[in-house]
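Participant: The structure follows.
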Amino acid sequence: MMVGIYGLIFEFLTPGTLVPGTIGGICLLLGLYALALLPVSFAGLGLIILGVGLTVAEAHSPSFGALGVGGGIALVLGATILFDTDIPGLKVSWSVLGAIAVACLALGLVIARLAFISRWHDVVSGGEQMIGISGKVDSWTGISGYVIAHGERWKAVSTEPLAVGDRVKVTGRDGLTLEVVRSSQEG
C-alpha cells in the first residue's frame with residue numbers, strides 16, 4: 001500500500017512520468033483489497049476500471065507502452081479478484097483472462113513499436129516539414145523578400161542577393177520567416 005501511495009505522490013510531483021502513477025494506482029487498490037478495506041467486488045471493479053482507463057490513455061499519450069502494459073496488468077488482477085470464488089458456480093474464466101492479458105500486451109507492444117519507428121520517418125506536417133523544400137522567389141530586395149514555397153507566399157531572408165524567379169531551397173525557419181539559399185535545380 002505504501003508503494004501505491006509513494007507512486008501517486010511521485011506522479012503528482014513530476015507529472016507526465018506515468019510509470020510511478022500507473023504502478024501506484026495498481027498497488028494502492030491491491031493494498032486496500034489486502035487490508036480488507038474494500039470489498040472484493042469493489043477492489044476488482046476498481047482495478048478493471050483503472051486497467052481500461054490506462055489502456056485508453058495509452059492510445060492518447062506518448063508513454064511507449066507503459067500505460068498499456070500497466071492497464072493490462074490492472075485488468076487481469078481486477079478480474080481475478082472480482083468474484084468471491086467460494087460461491088459454487090461463480091468462478092473466473094482463466095482462458096478469457098489470458099486472452100485479455102495477451103491483447104493488452106500486444107496493444108502496448110504495437111504502440112511502443114509505432115512510437116519508436118516514427119522517430120526515423122520524415123516530418124510531414126508542422127513548421128519542421130518546411131526545411132529542405134524548394135521554392136521560387138516572388139519579390140526580392142537586397143537580402144530579404146518573398147518566396148512561394150509549398151503553394152504559399154512566405155517572407156524570406158538569405159545571405160546572398162536573389163532575383164525574381166530564382167529557385168531557392170529552405171534551410172531554416174524563424175517564426176514566419178524562412179531562411180533560404182539559391183537552389184542549383186532549375187525549373
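All of the numbers you see were taken from the coordinates with simple rules; none came from a lab. The shown structure was predicted, so the numbers you read here are calculated from the model rather than taken from an experiment. Methodologically, a virtual Cβ is constructed for each residue, glycine included, from the backbone with ideal geometry; neighbour enumeration extends over all protein chains shown.
Participant: Which ones in segment 170-185 are surrounded by 12 or more Cβ atoms within 10 Å (Cβ to Cβ) and outside any loop (DSSP other than H, G, I, E, B)?
Facilitator: Across segment 170-185, the qualifying residues are V170, T171, G172, R173, T177, L178, E179, V180, V181, R182.
Participant: Let me ask something else about it. Return the pairs, sorted by first residue and then second, in which the second residue is assigned to a helix (DSSP H, G or I) and polar (S, T, N, Q), the first residue lies in segment 46-57 and is within 15 Å of A101 (Cα to Cα) and touching a residue at least 12 places away in the same chain (Cβ under 8 Å), the beta carbons are less than 8 Å apart, and the residues are 6+ apart or on different chains.
Facilitator: L54/T22
Participant: Right, something else. Taking the condition of being within 15 Å of F116 (Cα to Cα) and crowded, with 24+ Cβ neighbours inside 10 Å, how many residues in segment 50-78 meet it?
Facilitator: 1
Participant: Examine segment 126-136 for a residue that is surrounded by 10 or more Cβ atoms within 10 Å (Cβ to Cβ), in a helix (DSSP H, G or I) and of a type in the set (D, E), and state whether such a residue exists.
Facilitator: Yes, segment 126-136 contains a residue that is surrounded by 10 or more Cβ atoms within 10 Å (Cβ to Cβ), in a helix (DSSP H, G or I) and of a type in the set (D, E).
Participant: Take segment 12-22 and flag every residue that is of a type in the set (V, I, T) and surrounded by fewer than 21 Cβ atoms within 10 Å (Cβ to Cβ).
Facilitator: Those that are of a type in the set (V, I, T) and surrounded by fewer than 21 Cβ atoms within 10 Å (Cβ to Cβ): T14, T17, V19.
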